[in-house]
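*Asks:* Have a look at this one.
Computed from the coordinates by the stated procedures, all read-outs in this text should not be read as laboratory data. Just so we're clear, the structure is a prediction, and the values are computed from it rather than from any experiment. Cβ placement follows ideal geometry from the backbone for every residue including glycine, while neighbour counts extend to all protein chains displayed.
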Amino acid sequence: MSENRAISKRIALPVVQERPVLVALAGQPNVGKSTLFNLLTGLHQHVGNWPGKTVERKEGTLTWKGTTYRLVDLPGTYSLTANSLEELIAREFIIRERPDVVIAVVDAATLERSLYLVAELLPLPAPVVVALNMMDVAQQEGIQVEPEVLQAALGVPVVPMSAVRGVGVQELLETVERMARGELPYTPRFPQIRPDHQQVLDSIGERIAGYVPSPYPDEWVALKLLEGDPEITAMMRSALPPERWDEVHAILRAHDDAQVAVASGRYEWIGRMVRAAVTRPRVGQIGLTERLDRWVTHPILGLFILAGIFGLVFWLTYTLGAPLQNLLETYVVGALAEWVGGLPLPAWLSGLLADGVIGGAGAVLTFLPILVFFFAALAFLEDVGYMARAAYVMDNFMHLIGLHGKSFLPLFLGFGCNVPAVLGTRVIESRRARLLTILLAPLVPCTARMAIIIFLAPAFFGAAAPLVSWGLVLLSLTVLALTGIVLNRVLFGGRRSAFIMELPLYHLPNWRTIGLSVWQRSLSFVRKAGTVIVVISAIIWALSTFPGGSTEESFLGQLGRWLEPAGRLIGMDWRLTVALLSSFVAKENSIATLGVLFHTGEEGLAETLAATYPIATALAFLVVQVLFIPCVAAVGAIRQETASWRWTLFSFALLLGISFLAGGATFHIARWLGG
């Protein structure tokens, strides 16, 4: 493990043309790893979950100079100690799959932080190439990094680059190709453990020799035992004979400060690397990030900036997306429904296709232009580094409800979909904070709910639609905060969580990454409209047509009238009540159901609803919709992550009560004001 005992070897890994060259991308969060992955793979990638895990797995292919590369984007992680599922997945993949090359993506502007992961990657059995990313950002901050010096100090190839600009990508591919072919020397210089613990490490290594399960390296396992890694400790407790484990365990108990010794050795190693290769700006010089953060992260002003940015996002969404939505409705959905209506088909089939499928799912698809702009705006804010500032600014707000800024990140995912928001709570270490975040996540308005707001707000409120939409989102977040305060005090005794948050440097957006993000989210929306919503629209049409032929006499009409007394309390008739119920399968079904019930397309539906319902009813329906129970997929995710039907049913009842109370209050106040 000592630096002066560095391994000196050539990696002889001939490229076998029968299989792709396996390349793993590793890196800490916010170092540009995903940008590089998207740049290399483009549309030749697919997203799923790791086997048996809920952590996202990205994999793609690249063909370069006649060789096919299989790229696996490992989860972003700060280290390789098994403190989180992401860390465990990353190291197990490298050890068990033995990639031909590991690309360690580091941020040149924050090299000290990035090198900690490199220090843990070097002892693993796969060769490492360091991608020194964000060189332009470092230069912008007045930081000078010398790649040649860093390469000599590390003993592994270092490629300077800027993924967002596409600079250095060719050089990186050439280096990876040569490394995979065994054409480059590989002499990694490992960090050395603090000298007073080197003998302890050697003693553990002697006792576990011959008992370490394949394919784990002996020295690496000894180091992890000394660090107190829970996974490796459990593995070796089973692998070693009882008497041998007792000896190892006695050594570990006698040196319970070993974890500090290991970390100290790594930080000393990082310090030497940085002192050799990095030149800092002169004292007093202020970089762009610091200048912007004086405003953006201000505890008061930062909140106004955050609210203003989201207000601007909604304004741009309406201004740019609404005209395209109208064109899509007129020339695609409307024309297609008219064409189907003119075909020589049985009346029931023509009604099913024109009113059920096209009138339902087609109306939902017209939201796509608006959602594309919404997706693009959020992806832009995330890519330039602002969303981390939003989490920082929201930290004080989150503390009011017993959480911290880290909970803002999964909650922010709820703006896209509540399902990944619930699954994203796995990054929160505390079970109390994780459970509270899960209960609050459905109160974040997802894109499907936003689609309903985007459709109905202009119909009822005209030019004031952006302001109303903004107000509904702020209402949802206010209810989230109040609910969190009450739940934390009643269920969790008012405890609070502490968290240290890092802020990445600002950098130019990568339009390719933003485009791919918009494409993937939009494709997911279209698939939902083309599958679940088509089926539900057809079912709603059938229920609204049979057995009597009219909606009033149909099964759906009978159900709606049975539930109508409850709906009347908040100003909704049976049709709005049924539309609300159908949203439990997929939120967009509300519009699809109304389109079926009113026998009209998207444009005609907006006019019909505006003429049918007063402002008070419209506002109450929107309030209930934005606070209502989430879709069935999100409820399933809550059940999975809480592993409890009790908490799942509690969440269901809580949201149902909140939405109806808020909707009723809105309806009666608006009617009293003359709405």
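*Asks:* As a check on your grasp of the helix formula, calculate [θ] at 222 nm for the chain: sum -39500 (n - 2.57) over DSSP H runs of n ≥ 4, divide by the residue count, round to the nearest 500.
*Replies:* Working: 31 runs with 400 residues, N = 675.
So the helix-based figure for the chain works out to -18500 deg cm²/dmol.
*Asks:* Please arrange Ser517, Ser203, Ser651, Ser407 by how many other C-beta atoms lie within 10 Å of their C-beta, fewest to most. If you can, show how the numbers build up before the last one.
*Replies:* Numbers: Ser517 21, Ser203 14, Ser651 25, Ser407 30.
Fewest-to-most ranking of Ser517, Ser203, Ser651, Ser407: Ser203, Ser517, Ser651, Ser407.
*Asks:* So for Thr366, Thr81, Thr319, fewest C-beta neighbours within 10 Å to most, what's the order? Numbers along the way, then the final one.
*Replies:* Values: Thr366 25, Thr81 21, Thr319 11.
Lowest to highest Cβ neighbour count: Thr319, Thr81, Thr366.
*Asks:* For a Förster distance of 41 Å, can you work out the FRET efficiency between the beta-carbons of Arg291 and Lys65, rounded to the nearest 0.05?
*Replies:* On the way: r = 43 Å, r/R0 = 1.06.
Using R0 = 41 Å, I get an efficiency of 0.40.
*Asks:* Return the distance in nm (one decimal) between the two label points of a simple spin-label model at Asp256 and Leu508, each offset 7 Å from Cα along Cα→Cβ.
*Replies:* Calculated label separation equals 5.4 nm.
*Asks:* Moving to a separate point now. Scan around Val128 for amide H atoms under 5 Å from its own, H built in the peptide plane at 1.01 Å from N, and keep only partners 5 or more places away or cross-chain.
*Replies:* Those qualifying (amide H under 5 Å, at least 5 residues apart or on another chain) are Val102.
*Asks:* Related question: Relative contact order for the stretch 88-225 using alpha-carbon pairs under 8 Å, separation at least 6, rounded to a whole percent? Provide the component values of the computation, followed by the final result.
*Replies:* Values: 160 pairs, mean separation 30.5, N = 138.
Over the stretch 88-225, the number comes to 22 percent.
*Asks:* Restricting to the chain, what percent of DSSP beta bridges are antiparallel, rounded to 5?
*Replies:* Values: 17 of 36 bridges.
So the antiparallel bridges amount to about 45 percent of the total.
*Asks:* Hey, with R₀ at 22 Å, roughly what FRET efficiency would Phe304 and Leu474 work out to, going by the Cβ-Cβ distance, to 0.05?
*Replies:* About 0.95, to the nearest 0.05.
*Asks:* How would you rank 87-100, 635-648, 444-457, 335-348, highest first, on the average number of other Cβ atoms within 10 Å across their residues? Before the final figure, lay out the partial values.
*Replies:* Details: 87-100: 19.7, 635-648: 16.5, 444-457: 24.0, 335-348: 12.3.
Put in order of decreasing packing, that is 444-457, 87-100, 635-648, 335-348.
*Asks:* Using the Cα centre of the chain as origin and beta-carbon charges of +1 (Lys, Arg) and -1 (Asp, Glu), tell me which of Ala277, Thr289, Leu443 is placed farthest towards the positive end of the dipole.
*Replies:* Farthest towards the positive end: Leu443.
*Asks:* Test of understanding: what is the full-extension gain from Ala322 to Ser214, defined as 0.36 nm times their sequence separation minus their Cα-Cα distance?
*Replies:* On the way: separation 108, 0.36 × 108 = 38.88 nm, distance 5.93 nm.
Full extension from Ala322 to Ser214 adds 32.9 nm.
*Asks:* Something else now. Measuring from label point to label point, each 7 Å out along Cα→Cβ, what is the Arg671 to Ala643 span in nm?
*Replies:* Going from the Arg671 label point to the Ala643 one covers 4.8 nm.
*Asks:* Among Lys58, Lys65, which comes first, then next, by fewest other beta-carbon atoms within 10 Å?
*Replies:* Working: Lys58 19, Lys65 7.
Fewest to most other Cβ atoms nearby, the residues stand as Lys65, Lys58.
*Asks:* Given Cβ point charges of +1 (Lys, Arg) and -1 (Asp, Glu) and nothing else, what value in debye, to the nearest 20, does the dipole of the chain about its Cα centre take?
*Replies:* Numbers: 52 positive and 54 negative charges, 141 e Å.
Result for the chain is approximately 680 debye, rounded to the nearest 20.
*Asks:* Which one, Ala377, Thr642, Gly32, is farthest towards the positive end of the dipole of the chain when Lys and Arg carry +1 and Asp and Glu -1 on their Cβ?
*Replies:* It is Thr642, whose Cα lies furthest towards the positive end.
*Asks:* Which aspartates and glutamates have a Cα less than 18 Å from the Cα of Lys587, not counting those fewer than 8 places away in the same chain?
*Replies:* Those aspartates and glutamates meeting the cut-off are Glu602.
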